[in-house]
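The next block holds one structure in the form of structure tokens; read it before the comments.
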Amino acid sequence: MEWLEYDSAACSIRRSLDVIGQKWTLLILRDAFNGVRRFDQLRDHLGVSDPVLAERLRTLVAGGLLEPATYSEPGRRARKEYRLTDKGRELYPALITLLQWGDKHCSGPDGPPVSVTHRDCGEPVEAKVMCAAGHELTSPSEGQTAPGPGALVKP
């Protein structure tokens, strides 16, 4: 079966982008991975408007990537903060991959603005594509696509 015979509506990448493909969403997740959980902190750090941030947070909560938790500071009303779920944490390799790509192709003349290292050994963190046997794939031509159980064929 040829790639163009597949119905792209069933594509997992397409379905993923329904949850994380809007502007600001990956930046919200980036900040959540770095411990930023509160609405006002996210808004101020990202420079995003309240309505856009609220909508993106609703999408991430509905998608099961973030969960709201109530907190309150002394003398203040209760508010929500947003914590990564297990499902949300599973996107960490994808964000590291985007970071690596951006470091290679989009950094300024002084180099990457952020480095991510392993907390235990201090070595740089890298995302790699590997088969289940541990072979690293360095080119798309090293992989092959075949129909999965959820594949749909165009009518």
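Some observations on this one:
- Sole residue being closer than 30 Å to residue 68 by Cβ, of a type in the set (Gly, Ala, Ser) and out of contact with any Cys (no Cβ under 9 Å at 6 or more places or on another chain), chosen from 133, 127, 151, 146: 127
- Considering residues of the range 132-155 that are part of a loop (DSSP other than H, G, I, E, B) and touching an Asp or Glu at 6+ places or on another chain (Cβ under 9 Å) only, the residue surrounded by the fewest Cβ atoms within 10 Å (Cβ to Cβ): 155
- Pair list, Cβ < 9 Å and 6+ apart or interchain, from the range 93-111 residues that are without any contact (Cβ under 8 Å) to a residue 12 or more places away in the chain to residues that are loosely packed, with under 15 Cβ neighbours inside 10 Å and of a type in the set (Val, Ile, Thr): 103/114
- Of all residues making up the range 11-34, the number that are more than 27 Å from residue 117 (Cβ to Cβ) and surrounded by 14 or more Cβ atoms within 10 Å (Cβ to Cβ): 3
- Evaluated against (1) under 15 Å from the mean Cα position of the chain (by Cα); (2) touching a residue at least 40 places away in the same chain (Cβ under 8 Å); (3) within 25 Å of residue 114 (Cα to Cα), residue 37 falls short on exactly one condition, (1).
- Where a residue in the range 60-83 is on the phi > 0 side of the Ramachandran plot and its partner, wherever it lies, is assigned to a loop (DSSP other than H, G, I, E, B) and at pLDDT 95 or above, with Cβ under 8 Å and at least six apart: 64/85
- Set 31, 7: member being free of Cβ contacts under 8 Å to residues at least 24 places away in the same chain and either in contact with a Leu (Cβ under 6 Å, 6 or more places away or on another chain) or under 16 Å from residue 98 (Cα atoms) (or both): 31
- Matching residues in the range 69-114 - criterion: being assigned to a strand (DSSP E or B) and more than 18 Å from the chain's Cα centre (by Cα): 69, 70, 71, 79, 80, 81, 108, 111
The values are calculated or read from the model by the stated rules, or taken from the named source; none is laboratory data. As the structure is a computational prediction, the values presented were derived from the model and not from experiment. Note that each Cβ is placed from the backbone with ideal geometry, even for glycine, and that neighbours are counted across all protein chains shown.
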